[in-house]
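A short worksheet on the structure shown next.
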Amino acid sequence: MELEENERIDDLQLKNLKIIQNRDWFCFGIDSVLLSGFASDIKRNSRILDLGAGTGILELLMSAKVEGSKIVGIEIQKEVANLAKRNVKLNNLEDRIEILNADVRKISLNKLFDAIITNPPYKEKNTGIVNDNNIKLISRHEIEGTLEDFIYASSNALKDQGTMYMVNRPERLIDIFEYCRKYKLEPKELQLVHSKVNTKPVLILIKAVKNAKKYLKIREPLYIYDDDGNYTDQVLKIYNKI
C-alpha cells in the first residue's frame, strides 16, 4: 500500500496485523492495548462499537481478540477516519470492520450493539496543555464531544445488559461514575493502571453494564513496567507474548 508523507507502517505483533500511522497525528499508545485486554471477555460473534475510533487501532486489536466479532468504528475527523479505513483494507478486514465518519453526538445507534469500547478524549476543554495541531487537540480534549456525550451515546447504542469498556484518567473517575448512573450504565469493574509498583495510577479501566444491578468489583492493579523498565507479565500477556 502506498504511504503518504509522514506515514509509517507498524507491526502490531498480533496475528500479522499492521497499522499505518501518521507521525504528525496522535499515534496510538498503550492505553488502547490495555483496553483491548480489559475487554477481551466480550463474547464471540458480538457486535462491537468503538466510539472515537481514531486510526482504527482498537478495531484491529478486537478483531483478533474476539472471534467472529463485527466491529463498527465512529470517528468524527474525516482525515483520521479515512486512515482508519485504509488500515482496515491493509489487513483485509472489510468483512468484519466498518468505519463511519460521523459525530457520536448526532448518529443514531439505538440498541444495536452488544459491547462498546471507547478511549474518549481525556482532557476537559480549556484544561491541560493545548496543542496547536488540530487533530491532536481533538483527540486529547473534549472539543468535538464531552465525556458525558460518549457515555450517553454508549447507553443509546447498547442492547439491554450490553457492556461498555472505557479507558480514561483517574481524575475523571467520579465524572464517569456519575454519567454512567445517569444513563443507566452500572459500573461493574474497575482496574487501576500504574506505571510501576509504588507509583500513582496513570489510567483507569472501567466496565459498565446497561440496566444492571449495583455491584462493583475492583480488579487487582495493573503495572506496566517492572523495576528494570521492561513490560510486566501482565502487559506481555495482553500482547500475547507469554
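The values are calculated or read from the model by the stated rules, or taken from the named source; none is laboratory data. These numbers come from a predicted model, not from an experiment. Don't worry about glycine lacking a Cβ; one is built from the backbone with ideal geometry, like all the others, and counts go over all protein chains shown.
For this structure, a couple of remarks:
- Scoring ILE19 on the criteria (1) under 25 Å from LEU112 (Cβ atoms); (2) surrounded by 17 or more Cβ atoms within 10 Å (Cβ to Cβ) leaves a single failure, condition (1).
- The lone exception for ILE238 - which of (1) out of contact with any Lys or Arg (no Cβ under 7 Å at 6 or more places or on another chain); (2) more than 15 Å from ALA39 (Cβ to Cβ); (3) buried (at least 17 other Cβ atoms within 10 Å of the Cβ) it fails: (2)
- The condition of being β-branched (Val, Ile, Thr) and part of a loop (DSSP other than H, G, I, E, B) holds for only one of ILE20, ILE48, ILE42, that being ILE42.
- Qualifying residue in the stretch 146-158 (condition: under 19 Å from the mean Cα position of the chain (by Cα), farther than 23 Å from LEU109 by Cα, crowded, with 16+ Cβ neighbours inside 10 Å and at pLDDT 95 or above): no
- One residue from ARG47, ARG23 being at pLDDT 95 or above and more than 18 Å from ILE238 (Cα to Cα): ARG47
- Residues that are closer than 15 Å to GLU148 by Cα and not charged (D, E, K, R), drawn from the stretch 169-205: LEU173, ILE174, ILE176, PHE177, TYR179, CYS180, TYR183, LEU185, PRO187
- Residue list for the stretch 144-202, restricted to those being outside any strand (DSSP E or B) and among the aromatic types (Phe, Trp, Tyr): PHE150, TYR152, PHE177, TYR179, TYR183
- The residue list GLY37, GLY52, GLY29 contains one member that is free of Cβ contacts under 8 Å to residues at least 40 places away in the same chain and either of a type in the set (Gly, Ala, Ser) or touching an Asp or Glu at 6+ places or on another chain (Cβ under 6 Å) (or both), which is GLY29.
- Here ILE9 fulfils each of the conditions (1) surrounded by fewer than 17 Cβ atoms within 10 Å (Cβ to Cβ); (2) touching a residue at least 60 places away in the same chain (Cβ under 8 Å); (3) part of a loop (DSSP other than H, G, I, E, B) apart from (3).
- The residue that is surrounded by the fewest Cβ atoms within 10 Å (Cβ to Cβ), among those in the stretch 98-122 that are closer than 15 Å to VAL80 by Cβ and over 15 Å from the mean Cα position of the chain (by Cα), is ASP103.
- Residue list for the stretch 214-242, filter: basic (Lys, Arg) and touching a strand residue (DSSP E or B) at 6+ places or on another chain (Cβ under 7 Å): LYS214, LYS217, ARG219
- Restricting ILE238, ILE174 to residues that are touching a residue at least 60 places away in the same chain (Cβ under 8 Å) and either more than 16 Å from the chain's Cα centre (by Cα) or farther than 22 Å from ARG105 by Cα (or both) narrows the list to ILE238.
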